[in-house]
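A quick write-up on the structure given underneath.
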Amino acid sequence: MVGGGPGAFIGPVHRMAAELDGRFRLVAGAFSREADKSAAAGRAWGLDPDRTYADYRMMIEAEAARPDGARVVVVATPNDTHLAVSSAALRTGLHVMSDKPATRDLAEALQLARIVRESGRLYGLTYVYTGYPMVREARGIVGRGELGAIRKVVVEYQQGWLSRPIEREGSRQAEWRADPARAGVGGCIGDIGVHAFNLAEFIAGDRVERLCADVSTLVPGRVLDDDANVLLRFAGGARGVLVASQVCAGARNGLRIEVFGEKGGLAWSHERPDRLTLDWLDTPTQVLHAAAPYLADPAAARIPTGHPEGFIEAFANLYRDFAAAIAEASPEPGLAPGIVEGVRGMAFVETAVSASREGRGWVDLTEEPI
C-alpha cells in the first residue's frame, strides 16, 4: 500500500476490504512521506519492519525483486500522486488498485490508460458504491429491460462537512481536497461528484453524451468548487440530473439514485443499502432485500437477508472481483471499475467545470480514445 498512514481514513478501509475474503494480504507499505510515520503504521499492522518503506519507489523496486514480493499495489494517496505511483507499479509488472479518481486531471488519466494497456496488468478503481449487491441488482434490472426504455436518472450525493472553511482550520482531509495542486481542477465534483456520475452510468448501463453544468464555490475564500448541479443527456435518450454538494449543512453521506423507465422506476439509497425499491406504473410497489433468494445473484451479499451489510463489504466486493480477474488472467477487472471508468470520470469533471466557468450551457462529453 502507498499512503493510508496515521490519520488517514481510506487506508484502513482498503486494508480491511482487501483482506476480508482471504484473497489478499497486506505485506508491505510506504504509508507516509515521513519515515517514522510509515514505520509506525507498519508496526501497527504487524508488518515485517524490512517491508515498511519510506518511499514508494523504493518499495516497488524492492518488492518486485523479492521471490515472495507483492503482486498488487494499492494507491491510497491524494490525487496528485495517483499517476506517478500507479505508473511506477504497472511498469514494474505489478497490478494496481487505486482510490478514485484515477488521476488529477484528464490528460493524466489518458496517459495512465496508455500505461495500463502497455503493461498488460490489471488496473482497478474503487468507485465503491458499484460494489453494493443491490446496486448490482439494480443494474441487472435495467439491463434486462424490466423498467422498459429508460427515461430519467436522478442521482444526488450531498454532504455537509465542508460547510465551514475547515481546510484553513487544520483539517488534513480538507486541506488537500481544497488545494488544486493536489486535488486537481475539481473540488466537490472531483471528490464525490465522480461517484454520482459513475453510479448513474453503472446502473443505467448507458453513457452520458451531453451535460449542462452549474459548478459553484459557496464558502467564501475557498478555491475549488463545493457545490455542483449538472443536467445530463444519455446516449440512449434518457435525461438526468446530478446534484453533488459538500456544503449542505447537516447532511452526512446522502447518496441516492432513482432510475425511471416506461414501465416503472427504481430507487436505492446509501443510508439503506440492503433495500431496492421498485415502483410500477400499474402494480404495487416492491421492496427487494439483499441476499433474498428471488434476486438474480443472492450470493452477491455475504450474510443472510435482514443482517446489516455496508461500506467495507461493498469495498471488499471490488477486491473480490479484482482477485478473481488476477486468478483467471482476465484483461479486465470484472465488475470492478477500471481505467475506462477512470478516464470517463476525469472527462466528466473537466467538462463540467470548464463549461460552468465559461457559461457555455449544453456541451458534449467527448468519448476519449484510450
Quiz item: Mind checking whether some residue in the stretch 165-184 is at pLDDT 95 or above and in contact with a strand residue (DSSP E or B) (Cβ under 6 Å, 6 or more places away or on another chain)?
Solution: no
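Would you pick out the residues in the stretch 41-70 that are of a type in the set (Gly, Ala, Ser), farther than 18 Å from MET16 by Cα and either outside the structural domain of GLY11 (by TED's automatic domain parsing) or at pLDDT 95 or above (or both)?
Keep residues of the stretch 41-70 that are of a type in the set (Gly, Ala, Ser), which gives 41-42, 44, 46, 54, 62, 64-65, 69-70.
Going one step further and asking which of them are farther than 18 Å from MET16 by Cα, we end up with 54, 62, 64-65, 69.
Of everything in the stretch 41-70, those that are of a type in the set (Gly, Ala, Ser), farther than 18 Å from MET16 by Cα and either outside the structural domain of GLY11 (by TED's automatic domain parsing) or at pLDDT 95 or above (or both) turn out to be ALA62, GLY69.
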Quiz prompt | helices (runs of 4 or more DSSP H) enclosed by the stretch 1-98 - at least 3 residues per element that are more than 17 Å from the chain's Cα centre (by Cα) | solution = 35-44, 56-65, 82-91
Quiz prompt | Subset of the stretch 136-164 [under 13 Å from GLY261 (Cβ atoms) and among the charged types (D, E, K, R)] | solution = ARG144, GLU146, ARG151, LYS152
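Taking into account only those residues within the stretch 259-310 that are in a strand (DSSP E or B) and among the aliphatic types (A, V, I, L, M), which is surrounded by the fewest Cβ atoms within 10 Å (Cβ to Cβ)? Give the steps one after another, and end with the answer.
As a first pass, look at the stretch 259-310 and keep what is in a strand (DSSP E or B): 259-261, 264-269, 275-280, 286-289.
Among the residues that remain, those that are also among the aliphatic types (A, V, I, L, M) are: 259, 266-267, 276, 278, 287-288.
Details: VAL259: 26, LEU266: 23, ALA267: 19, LEU276: 23, LEU278: 19, VAL287: 10, LEU288: 19.
Result: VAL287.
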Exercise. Looking for whichever is aliphatic (A, V, I, L, M), in a helix (DSSP H, G or I) and either touching a Phe, Trp or Tyr at 6+ places or on another chain (Cβ under 6 Å) or surrounded by 23 or more Cβ atoms within 10 Å (Cβ to Cβ) (or both) here; the options are VAL153, VAL194. Which one fits?
Key: VAL194
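Of the residues ALA109, ALA174, ALA183, ALA178, which single one is over 21 Å from ARG272 (Cα atoms), of a type in the set (A, V, I, L, M) and not assigned by TED's automatic domain parsing to the domain that holds TRP280?
Unique residue meeting the criteria: ALA109.
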Quiz item: Inside the stretch 311-362, can you point out the residues that are of a type in the set (S, T, N, Q) and either surrounded by fewer than 16 Cβ atoms within 10 Å (Cβ to Cβ) or in contact with a Gly (Cβ under 7 Å, 6 or more places away or on another chain) (or both)?
Solution: ASN317, SER330, SER354
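Are any residues in the stretch 107-138 under 25 Å from ALA296 (Cβ atoms) and part of a helix (DSSP H, G or I), and if so, which ones? Explain how you work it out, then say what you get.
Kept after step one, since they are under 25 Å from ALA296 (Cβ atoms), are these residues of the stretch 107-138: 124-138.
Result: VAL128, TYR129, THR130, GLY131, PRO133, MET134, VAL135, ARG136, GLU137, ALA138.
Each row is one residue, and each column tells you yes or no for (1) among the charged types (D, E, K, R); (2) over 20 Å from the mean Cα position of the chain (by Cα); (3) modelled with pLDDT of 95 or more; (4) not assigned by TED's automatic domain parsing to the domain that holds ASP191.
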position	(1), (2), (3), (4)
ALA204	no, no, yes, no
VAL208	no, no, yes, no
ASP214	yes, yes, yes, no
GLY221	no, yes, yes, no
ASP227	yes, no, yes, no
PHE234	no, yes, yes, no
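Before we move on, is GLY170 on the phi > 0 side of the Ramachandran plot and in a loop (DSSP other than H, G, I, E, B)? Let's see the steps before the verdict.
Numbers: on the phi > 0 side of the Ramachandran plot: yes; in a loop (DSSP other than H, G, I, E, B): yes.
In short, yes.
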Quiz item: Got a number for residues in the stretch 208-242 being in contact (Cβ under 8 Å) with a residue 40 or more places away in the chain, within 19 Å of SER354 (Cβ to Cβ) and not in a strand (DSSP E or B)?
Solution: 5
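The values are calculated or read from the model by the stated rules, or taken from the named source; none is laboratory data. Please read these numbers as outputs of a predicted model, since none were measured by experiment. Backbone-built Cβ (ideal geometry, glycine too); neighbour counts: all protein chains shown.
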